[in-house]
1. Can you tell me the accessible area per residue over the chain, all protein chains present, probe 1.4 angstrom, in square angstrom?
2. Could you work out the relative contact order of segment 1-61? I mean the mean sequence separation of Cα pairs under 8 Å and 6+ apart, divided by the number of residues, in percent.
3. Any idea what Rg and Dmax come out to for the chain if you just take the C-alpha atoms, in Å?
4. When the solvent-accessible surface of protein heavy atoms is calculated with a 1.4 angstrom probe, in what order do His104, His149 fall, highest first?
5. Kindly report, to the nearest 10 Å², the accessible surface of Cys2 as traced by a 1.4 Å probe over protein heavy atoms only.
6. Out of the total accessible area of the chain (probe 1.4 Å, heavy atoms of protein only), what percent is carbon and sulfur?
7. Only helical DSSP H runs with n ≥ 4 go in: add -39500 (n - 2.57) per run for the chain, normalise by residue count and round the 222 nm mean residue ellipticity to 500 deg cm²/dmol.
8. Amide H to amide H, which residues 5 or more places from Met120 or on other chains are under 5 Å from it, using H placed in the peptide plane?
Amino acid sequence: MCGISGITNFEIKPSKKIVEAMRNKIAHRGPDFKTCWENKSNCIGFVRLAIIDLTENSNQPFYSKDKKINLFYNGEIYNFKELKEEYFPNSIFRSVGDGEVLLHLYQKFGIEFIKKVKGMYSIVICDEINNTTFLIRDRFGIKPLYYFHDKKNKELSYCSEIQGLFENNQ
């Protein structure tokens, strides 16, 4: 199942303590791995339920070689093998799961990569090269990503389950 929680704020660094509390609220979604990743404008908590790739190679985030692009993902990509074969036949992947393919697609096609993806998913991409953060959800919301925009603090909070958002009650 996996779970994502996070805060994005391009003016002040988000609170890791709050994101850890958000992540802990959804810990039941992923007993196999947990982390809290941060950069200057994002803090993202993640819990993993290992399904396709049972190794630690699919622990997240998936990141570019220069670690300037980081991707967190919850869901299932139905056509990941086909996408991998079509666009990256000679590439070396660290995992055999479906999530890492999303990072490579984003690097190759930009945000338009999502038009090629079939599945159920919620995705967070932190692109430090372009100073952007993308929140992406499948068209039907099968893998939800709830969010709250705090206009006063110019902050965006998001979580796989709504109760995680209540932890950010500043």
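1. Dividing the accessible area of the chain by its residue count gives 53 Å².
2. Over segment 1-61, the number comes to 40 percent.
3. Values for the chain (Cα only, Rg and Dmax): 15.2, 48 Å.
4. Details: His104 40, His149 95 Å².
Descending order: His149, His104.
5. It works out to around 10 Å².
6. With neighbouring chains kept in place, the figure for the chain is 52 percent.
7. -5500 deg cm²/dmol
8. Excluding prolines and chain starts, which carry no amide H, the hits are Glu76, Tyr78.
The values are calculated or read from the model by the stated rules, or taken from the named source; none is laboratory data. All values reported here derive from a predicted model rather than from experimental measurement. Just the protein is used for accessible areas: all its heavy atoms, side chains included, with ligands, DNA and RNA removed. Shrake-Rupley method; radii C 1.70, N 1.55, O 1.52, S 1.80 Å.
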